[in-house]
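Here is the structure we will look at.
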Amino acid sequence: MDRLVVLKALADDSRYAIFAELGRAERALSTVELAQRLDLHPNTVRLHLERLREAGLVHSSTEAHGAPGRPQHLWALTPDAPALGLEPDGFRVLAHLLADALAVVAPDPDALVAVGRR
């Protein structure tokens, strides 16, 4: 991922707020949900989401909601989007512990459980 493209995309306060909200979300969010959470107009959010998509930071899926009209777009961060400090506390420590455990040749399952608990 081109860091300059990412930095330019996130330089706008609204785009950064959308990116951060998606990073904190436990599930994909619709354009309307993002607009409500951030007190922005849905059309404004759509424009920013397209810019974030162009930068490779977000992706969308569609969900038919059972009513007439267009299907709803649900937005989430791409798997390779930078974390920017949005990961939960302790996530980096856990990642390092798991990497240490996997570096062992033929790790014992009980040892992996012990490392995970530590």
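The values are calculated or read from the model by the stated rules, or taken from the named source; none is laboratory data. Nothing here was measured: the structure is a model prediction, and the numbers come from that model. Cβ coordinates were reconstructed from backbone atoms using ideal geometry, including for glycine residues, and neighbour counts include every protein chain displayed. We work out accessible area using only protein heavy atoms, side chains counted, and drop any ligands, DNA or RNA first. Shrake-Rupley method; radii C 1.70, N 1.55, O 1.52, S 1.80 Å.
The lone criterion from (1) among the aliphatic types (A, V, I, L, M); (2) exposed (fewer than 12 other Cβ atoms within 10 Å of the Cβ); (3) modelled with pLDDT under 90 left unmet by Leu7 is number (3).
Look at region 13-24: where a residue is within 10 Å of His48 (Cα to Cα) and a partner is open to solvent by 30 Å² or more (accessible area, probe 1.4 Å) and not in a helix (DSSP H, G or I), sitting 6+ places away or on another chain with Cβ atoms under 7 Å, you get Ser14/Leu40. Could you list, in sequence order, all residues of region 89-107 that are touching a helix residue (DSSP H, G or I) at 6+ places or on another chain (Cβ under 9 Å) and either at pLDDT 75 or above or within 19 Å of Gly23 (Cα to Cα) (or both)? Across region 89-107, the qualifying residues are Leu94, Leu97, Leu98, Asp100, Ala101, Leu102, Val104. Evaluation of His59 against the conditions (1) modelled with pLDDT of 95 or more; (2) outside any strand (DSSP E or B) shows that the sole unmet condition is (2). Does Arg24 fit the bill of being under 19 Å from Pro82 (Cβ atoms) and either touching a helix residue (DSSP H, G or I) at 6+ places or on another chain (Cβ under 6 Å) or open to solvent by 40 Å² or more (accessible area, probe 1.4 Å) (or both)? Taking the combined requirement at face value, the residue satisfies it. Among the criteria (1) open to solvent by less than 50 Å² (accessible area, probe 1.4 Å); (2) modelled with pLDDT under 95, the one Leu49 does not fulfil is (2).
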